[in-house]
Each structure stands twice: as C-alpha cells, then as structure tokens.
Amino acid sequence: MADLTVTAASVAKVDGITTEYTAGATITAGQVVYLDSTDSDRAKLADADAVASAAAVGIALNGASSGQPVVVQKSGNINPGGTPTNGAVYCVSTTAGGIAPEADLLTGDFKTILGVGTTATNIKLGILVSGVAEP
C-alpha cells in the first residue's frame, strides 16, 4: 500500500478535539504535525524517521505558512481528505506530513499510531506515540 492521497479541500473535522498552534513550516490541510521543542513548540510536519518528529499531535485542518495559525485535530473522527480502508491502522509516514498504513513501516521507523479507518472517508483518531522503532 501507499500513503493516503489527500485532497486538502476535502479534509474536515467530523467530531473531536482541536487545538490551534503556530506553524513552524508550510503545512497543508491533511498533513500530520508534531511540535518542535527546539523551535518554541511550533507545528511542523511529522515523519517516522526520527523519534522527535514521529511524536505527532494530530492532523492539520487548514493550510498555514510558517508563523501562521494552524488548527490541528487531536482526537475524534476526521475526514482525512483521502480514502482510508475500513479496519486499517494508520501511522505517521516516513514522508513528511504523510499518513501511512501500519504495514508500510519498515525496520528503524518510529511508530506513532494515528488511528483506524472506519469508513472510506473517516479515520477515528487515537494517537499513540510509542517512541519505539520497528524492529
């Protein structure tokens, strides 16, 4: 499988909790973000290549340039702007900001579970930052 192909205009909160952060990079709706502790906890694109950047806090609901506000969904149900598979577990991708099926993570990738696909347009977020690399 491959990362979800996201259409930014289709990303939408269904229900759940959101928080506003300051972007520390250019972010597009539907991208996964983490908070960079070395840059005033600004939101940046998460990726599974390093333990710090794999510590996702949620999925961006709007686009933002560095220094602008970005609303991030942290829990609940979200239309990620792509077509998730029912029952599939989704994780932070090794592609910055991407949403990957769990099966795509390779040895050495840091696993952060984002949630589970519940319909063809919905992921139920339940973020679990493991801090552990795939064996």
Quiz prompt | Residue list for region 93-113, restricted to those being of a type in the set (A, V, I, L, M) and either surrounded by 24 or more Cβ atoms within 10 Å (Cβ to Cβ) or part of a strand (DSSP E or B) (or both) | solution = ILE99, ALA100, ILE113
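Of all residues in region 1-26, which are at pLDDT 95 or above, among the aliphatic types (A, V, I, L, M) and in a loop (DSSP other than H, G, I, E, B)?
Taking region 1-26 and keeping what is at pLDDT 95 or above, we get 3-26.
Keeping just the survivors that are among the aliphatic types (A, V, I, L, M) gives 4, 6, 8-9, 11-12, 14, 17, 23, 25.
Within region 1-26, LEU4, VAL6, VAL11, ILE17, ALA25 qualify.
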Practice problem: Go through region 42-69 and give me each residue that's within 23 Å of ALA9 (Cβ to Cβ), in contact (Cβ under 8 Å) with a residue 60 or more places away in the chain and assigned to a loop (DSSP other than H, G, I, E, B). | Solution: ALA46
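Run down VAL72, VAL116, VAL32 and say which single residue is without any contact (Cβ under 8 Å) to a residue 60 or more places away in the chain, within 16 Å of ALA2 (Cα to Cα) and buried (at least 17 other Cβ atoms within 10 Å of the Cβ). Steps first, please.
Numbers: VAL72 fails: within 16 Å of ALA2 (Cα to Cα); VAL32 fails: without any contact (Cβ under 8 Å) to a residue 60 or more places away in the chain.
Going through VAL72, VAL116, VAL32 in turn, the sole match is VAL116.
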Quiz item: Restricting the search to region 80-92, which residues are under 12 Å from the mean Cα position of the chain (by Cα) and not in a loop (DSSP other than H, G, I, E, B)?
Solution: TYR90, CYS91, VAL92
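Residues checked against (1) within 25 Å of VAL132 (Cβ to Cβ); (2) touching a helix residue (DSSP H, G or I) at 6+ places or on another chain (Cβ under 9 Å); (3) polar (S, T, N, Q):
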site: ASP3; (1), (2), (3): yes, yes, no
site: VAL14; (1), (2), (3): no, no, no
site: ALA46; (1), (2), (3): yes, no, no
site: SER53; (1), (2), (3): yes, no, yes
site: SER75; (1), (2), (3): yes, no, yes
site: PRO84; (1), (2), (3): yes, no, no
site: ALA100; (1), (2), (3): yes, no, no
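The values are calculated or read from the model by the stated rules, or taken from the named source; none is laboratory data. All figures in this text were calculated on a predicted structure; none of them were measured in a lab. With ideal geometry, Cβ positions are generated from the backbone for all residues, glycine too; neighbour counts draw on all protein chains shown.
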